[in-house]
1. Which one of these does Y224 not meet: (1) assigned to a loop (DSSP other than H, G, I, E, B); (2) among the aromatic types (F, W, Y); (3) buried (at least 21 other Cβ atoms within 10 Å of the Cβ)?
2. Take residues that are among the β-branched types (V, I, T), within 20 Å of the chain's Cα centre (by Cα) and at pLDDT 95 or above and tell me which of the strands (runs of 3 or more DSSP E) falling wholly in the stretch 228-336 contain 3 or more.
3. Looking only at the stretch 220-237, decide whether some residue is within 16 Å of ligand 1 (Cβ to nearest atom), touching a residue at least 12 places away in the same chain (Cβ under 8 Å) and of a type in the set (D, E, K, R).
4. Which residue pairs have Cβ atoms under 6 Å apart, sit 6 or more places apart or on different chains, and have a first residue in the stretch 19-32 that is acidic (D, E) and a second that is outside any helix (DSSP H, G or I)?
5. Regarding the stretch 180-201, can at least one residue be identified that is on the phi < 0 side of the Ramachandran plot, touching a Cys at 6+ places or on another chain (Cβ under 7 Å), within 16 Å of ligand 1 (Cβ to nearest atom) and not aromatic (F, W, Y)?
6. Looking at V8, V33, which is the one that is touching a helix residue (DSSP H, G or I) at 6+ places or on another chain (Cβ under 6 Å), at pLDDT 95 or above, crowded, with 22+ Cβ neighbours inside 10 Å and not charged (D, E, K, R)?
7. Determine which member of the set L67, L86, L56 is hydrophobic (A, V, I, L, M, F, W, C), surrounded by fewer than 17 Cβ atoms within 10 Å (Cβ to Cβ) and either under 30 Å from T167 (Cα atoms) or away from ligand 2 (no atom under 16 Å from the Cβ) (or both).
8. Go through (1) in a helix (DSSP H, G or I); (2) more than 30 Å from D310 (Cα to Cα); (3) out of contact with any Lys or Arg (no Cβ under 6 Å at 6 or more places or on another chain) for L86 and report which single condition fails.
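The values are calculated or read from the model by the stated rules, or taken from the named source; none is laboratory data. What you see is a predicted model, and the numbers here were worked out from it, not measured in a lab. Counting neighbours? That spans all protein chains shown, and the Cβs are built from the backbone with ideal geometry, glycine included.
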Amino acid sequence: MDTSTILVTGGTGYIGSHTCILLLEAGHDVIVVDNLRNSDVAVIDRIETICGRRPLFIEGDVRDTPLLEDILSNHPVTAVIHFAGLKAVGESVSIPLDYYSTNVGGSISLLTAMQNSGVHTLVFSSSCTVYGDPASVPIREDFPRSATNPYGASKLMIEDILSGLHTSEPGWQIARLRYFNPVGAHESGLIGEDPIGTPNNLMPYLTQATAGLRGELNVFGSDYETPDGTGVRDYIHVADLANGHVAALDYLEKQPGMVTVNLGTGNGVSVLEVIRTFEAVNQCKVPYRIVDRRPGDIARCWADTRLANDLLGWKALHSLEDMCRDSWRWQQSQQG
Ligand code: NAD
Ligand code: UD1
């Protein structure tokens with residue numbers, strides 16, 4: 001791909017920061033817009049430490065359309081990667097208006113600013129949550145979609161807004177990327193996921209419990225119809241996920257249109273397999289106990305990755321061992 005200027009919304013966040021590193025390393029200029037609701041501006045310094053180049057950081061809200069128009073008219077931006085949003089399922093049930101405003105309202109604001117500025121290339125962060133409880137696995141992109149909470153509903157709405165926009169204005173180039181379960185951290189230990197409060201997701205809770213910062217890990221359910229009875233997911237290293245965005249930009253440059261692609265490894269891994277691999281790779285003991293199922297959880301979820309392989313020429317390269325090693329290194333670096 002030719003080098004250009006990419007606007008990254010939510011670029012100080014977990015997945016955004018890893019993507020900024022790859023974009024800078026590929027020679028692109030990067031502008032980050034983030035309101036720091038769930039991230040720290042120090043991430044910009046760490047990105048510079050890792051790759052020797054620095055994104056331009058603008059603190060702001062994606063719902064501020066004039067700000068985005070200002071950025072798009074003052075910089076030669078050719079494409080936008082839109083990560084900014086709220087992502088906690090449980091919280092979305094408590095504060096749905098915030099979720100719809102930030103995720104749906106923020107996306108409409110961004111699309112409006114892009115339209116008014118003549119920038120028509122977008123990569124959007126969707127989620128495997130749009131598949132609800134799939135009838136079978138692996139999950140293909142043409143499987144039915146559904147949502148059972150405001151977070152999932154917001155992703156469905158944005159996907160629909162993007163397809164409506166593309167139908168009405170076919171000149172748009174759009175990639176809707178459906179992520180499976182991102183884990184891991186940058187191999188430097190400088191960038192990773194830093195959830196506020198008690199983590200809901202498996203890997204951050206597991207690393208904090210192993211570090212002695214939390215009580216035992218609750219393994220939610222051992223009576224699922226899976227090989228060992230615990231839930232099975234498609235964990236993907238965040239560096240691979242970040243790379244999928246560069247591949248998507250590359251694809252859109254050559255092949256205008258709208259694509260919807262799963263980003264996963266294609267491998268289903270159970271909770272107990274994660275724990276055992278984590279212990280083996282890091283030579284440690286994960287404190288855990290089996291408890292009841294978590295309401296709303298599904299038994300199995302993993303991606304059919306053929307479309308990503310065929311269309312984007314992209315494939316996840318990191319192993320579960322890499323994910324466990326890098327997650328632990330990040331956790332330890334957090335404790336200084
Ligand atoms: P994150 O919370 O680490 O990053 C999101 C960033 O957006 C944060 O830096 C936050 O400060 C910023 N932000 C929030 N509201 C904003 C606003 N109104 N204006 C500007 N910035 C705002 O989350 P992440 O894990 O990096 O996720 C990035 C995207 O990927 C999100 O859209 C999320 O829904 C999606 N996604 C994440 C996962 C996951 O498990 N991490 C899975 C599927 C999809
Ligand atoms: C979560 C989100 C989903 C999102 C996905 C990928 C919820 C309800 N769903 O799903 O919308 O698309 O992440 O980011 O938050 N587990 C434990 N103990 C724990 C935590 C988790 O046993 O303390 C188990 C779960 O039961 C599941 C697996 O670990 O089997 C993964 O859980 P989690 O990391 O929360 O991700 P998902 O449930 O897949």
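1. The single condition Y224 does not satisfy is (3).
2. The strands (runs of 3 or more DSSP E) meeting that bar are 258-263.
3. Yes: the stretch 220-237 contains one or more residues that are within 16 Å of ligand 1 (Cβ to nearest atom), touching a residue at least 12 places away in the same chain (Cβ under 8 Å) and of a type in the set (D, E, K, R).
4. Listed pairs, sorted by first residue: D29/T5.
5. no
6. None of the other options fit; the residue is V8.
7. Just one listed residue meets the conditions, L56.
8. Only one criterion in (1) in a helix (DSSP H, G or I); (2) more than 30 Å from D310 (Cα to Cα); (3) out of contact with any Lys or Arg (no Cβ under 6 Å at 6 or more places or on another chain) is unmet by L86, namely (1).
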